[in-house]
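The values are calculated or read from the model by the stated rules, or taken from the named source; none is laboratory data. It should be emphasised that the depicted structure is a prediction, and the values quoted were computed from it without experimental measurement. Cβ coordinates were reconstructed from backbone atoms using ideal geometry, including for glycine residues, and neighbour counts include every protein chain displayed.
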Amino acid sequence: MRLRRRLEINAPRDIGATLDAIVETARGSLPGIDHVGITLAHRDGTMETVAATDQLVWDLDAMQYKFGEGPCVHAIETAGVVVVENASQESRWPRFMAEAVQRGLRAQMGIRLYTDEKTLGGLNMYSLECDTFEPGTQELAELFATHAALALGRARIEDELTTAINTRGLIGQALGLLMARHHMDNERAFQYLVRVSSHSNMKLRDVAAELVEQHLARIQPSED
C-alpha cells in the first residue's frame, strides 16, 4: 500500500497535481490525520496555502499566517518538526491555539519541506478525532514529508524549466519578427525589446508575447 502511494506521488504530473496528490496521500497514509495542507514559503517571507484536503485547512493555515504564530509557521521558520497533542492544553502560540481549539482542533503536526537545505514550505497535518498520535506516527510523517519534498521539488523544477523554455521560444519569435521587419541584427532587436519593457513597465516575456500576438492578428485572414 505504501509503495503504491509513493508511486502515485512520483507519477509524472504538473505542480498543481503533485500538490493535490501529496495532501490526499498524506491523509490516507498517516494514522490519526484527517486534514492536510501544504504551505509554500515565498522568498519575501510570506506564506501561502497551495493545497488542502478541505476548507478547514485553509482556515487554520490562514489563522497562523495572520497571527504569525502556530505549529505550521514554527516548523517552517525554526523547528523543522512540531508536534502538538492535547491542543486544548497547549500554551505556546496562544492566539492561534485559542481559535483553533474552538474549531475543534485536538492535535496537530507541522513538518518543514526542504531539499538541499532549501526550504520549500511545510506539510500541515491536523486531527479533530484524537488528542494524541499513535506511536511511530511522527517518524512515519517525517519520512513521508522527505519523500513529498523531493516530489514537490522535482515538480517545481520541471515547472520552472517549462516556463523558461517557453519564454525563450517566445522571445526568439519576437526577435525574428523585429529583425525581419526593421532589418535589425539580433543584438539591436534584443535591445529594442529591453527598452520597451523598461519604458512600459512590462516583463520582457509579456512584451514579446504582445508583439507576436499583434503579428498573428495581422496575418490571419479576416472573416467575411
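For the stretch 171-204, taking the residues that are touching a residue at least 24 places away in the same chain (Cβ under 8 Å) and surrounded by fewer than 18 Cβ atoms within 10 Å (Cβ to Cβ), the one that is farthest from the chain's Cα centre (by Cα) is identified as Leu177. What residue, among those in the stretch 16-39 that are under 11 Å from the mean Cα position of the chain (by Cα) and crowded, with 20+ Cβ neighbours inside 10 Å, is farthest from Leu113 (Cα to Cα)? Filtering first and then ranking leaves Thr18.
For Asp116, the conditions (1) closer than 30 Å to Val36 by Cβ; (2) at pLDDT 85 or above all hold with the exception of (2). Restricting Thr167, Thr146 to those that are within 16 Å of the chain's Cα centre (by Cα) and modelled with pLDDT under 90 reduces the list to Thr146.
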